[in-house]
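The values are calculated or read from the model by the stated rules, or taken from the named source; none is laboratory data. The structure displayed is predicted, hence computed values, not measured ones. So basically every Cβ, Gly included, is an ideal-geometry build from the backbone, and we count neighbours across all protein chains shown. Ligands, DNA and RNA are stripped out before the accessible areas are found, and what is left, the full protein with its side chains, is counted by its heavy atoms. Shrake-Rupley method; radii C 1.70, N 1.55, O 1.52, S 1.80 Å.
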Amino acid sequence: MDETIGATDAEWALTGSLLPSETGRGCRPAGDNRQFFDGMIWMARTGAQWRHLPPCYGKWNSVFRRYRRWVEQGVFDALLETLAELVGRDRSADMIDSTVVRAHHCAAGIKKALARPRRSDDRAAASRPNSTPVVTRAVSRSPSASRSGHAHDQRGFGPLFQAIGGRLDRLLADRGYDADQTRADIAYTGARPVIPAKHGRRNPASHNRHAYKLRNRIERMFNRLKNWRRVATRYDKTAQSYLGFVQIASAFLWISLVHEL
């Protein structure tokens with residue numbers, strides 16, 4: 001594997017200032033933020049085990065502990081939101097869709113200290129879709145809700161729409177989101193639903209076919225995200241740790257596709 005994966009100088013100039021400064025513990029100085037952040041990027045790209053992190057990124061346990069600390073502090077969430085705000089918001093159309101992320105067997109067996117019911121949840125996590133809203137100018141917002149097993153897309157719509165409702169003009173979605181309640185929720189915020197009607201509907205609603213052609217962008221977004229192996233397969237025991245890697249991958253997609261470096 002390539003041991004030189006990491007942020008370029010231009011990418012670091014943009015993201016480095018958005019990461020918290022670290023202080024050493026006792027007589028031990030804090031490691032370089034860039035070195036550790038590059039190690040996290042290497043992990044997200046390769047999907048390797050933490051113990052296999054190349055020494056050039058520092059001690060694997062030190063990088064892991066900083067990663068977990070930043071995840072718990074919401075550093076990556078804030079990083080992604082800040083990058084999105086730097087370029088403004090295109091309100092012409094938002095999109096929502098879901099994708100299945102298979103959980104590797106090492107994602108099971110969470111420690112009791114991290115507390116959640118284990119057996120049934122771990123089995124459900126074997127196939128956990130993520131619903132993700134995206135804006136048309138770029139590639140993603142971080143997934144803010146996930147659902148167990150092969151649950152219907154509608155179950156993830158509510159929590160996600162609460163986060164984006166009132167900030168969009170149109171919402172594009174496939175037939176899986178064609179429901180009277182969904183359309184009513186969208187219309188209540190003043191937005192227009194662009195959702196094809198399910199086959200066999202008695203009174204199918206019309207939709208803007210020209211606008212709906214933009215929906216391929218969310219499919220392309222998922223394809224780009226899944227080029228990051230840690231995102232394509234869930235190796236992490238907790239959803240929080242997995243979401244951190246999704247946010248790292250999403251942030252770099254924003255940088256490469258939106259910002260002129």
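As an exercise: evaluate residue 64 against (1) aromatic (Phe, Trp, Tyr); (2) under 18 Å from residue 16 (Cβ atoms); (3) open to solvent by 20 Å² or more (accessible area, probe 1.4 Å) and give the number of the one condition it does not meet.
Residue 64 satisfies every listed condition except (2).
What are the residues in segment 67-80 that are touching a residue at least 60 places away in the same chain (Cβ under 8 Å) and either among the hydroxyl-bearing types (Ser, Thr, Tyr) or open to solvent by less than 70 Å² (accessible area, probe 1.4 Å) (or both), if any? If you could, list the steps in order and put the result at the bottom.
Within segment 67-80, the first condition is being touching a residue at least 60 places away in the same chain (Cβ under 8 Å), and the residues that meet it are 67-68, 70-72, 76-80.
Listed by number, the residues that qualify are 67, 68, 70, 71, 76, 77, 78, 79, 80.
With the checklist (1) of a type in the set (A, V, I, L, M); (2) closer than 30 Å to residue 162 by Cβ; (3) open to solvent by 50 Å² or more (accessible area, probe 1.4 Å); (4) modelled with pLDDT under 75 in hand, flag the one item residue 86 doesn't pass.
Residue 86 satisfies all of (1) of a type in the set (A, V, I, L, M); (2) closer than 30 Å to residue 162 by Cβ; (3) open to solvent by 50 Å² or more (accessible area, probe 1.4 Å); (4) modelled with pLDDT under 75 except (4).
Exactly one of (1) touching a Lys or Arg at 6+ places or on another chain (Cβ under 8 Å); (2) over 22 Å from residue 211 (Cα atoms); (3) modelled with pLDDT of 70 or more; (4) open to solvent by 30 Å² or more (accessible area, probe 1.4 Å) is unmet by residue 170. Its number?
Just one mismatch for residue 170, condition (2).
Any residue at all in segment 108-115 that is in a strand (DSSP E or B) and either surrounded by fewer than 21 Cβ atoms within 10 Å (Cβ to Cβ) or at pLDDT 50 or above (or both)?
Checked segment 108-115: no residue is in a strand (DSSP E or B) and either surrounded by fewer than 21 Cβ atoms within 10 Å (Cβ to Cβ) or at pLDDT 50 or above (or both).
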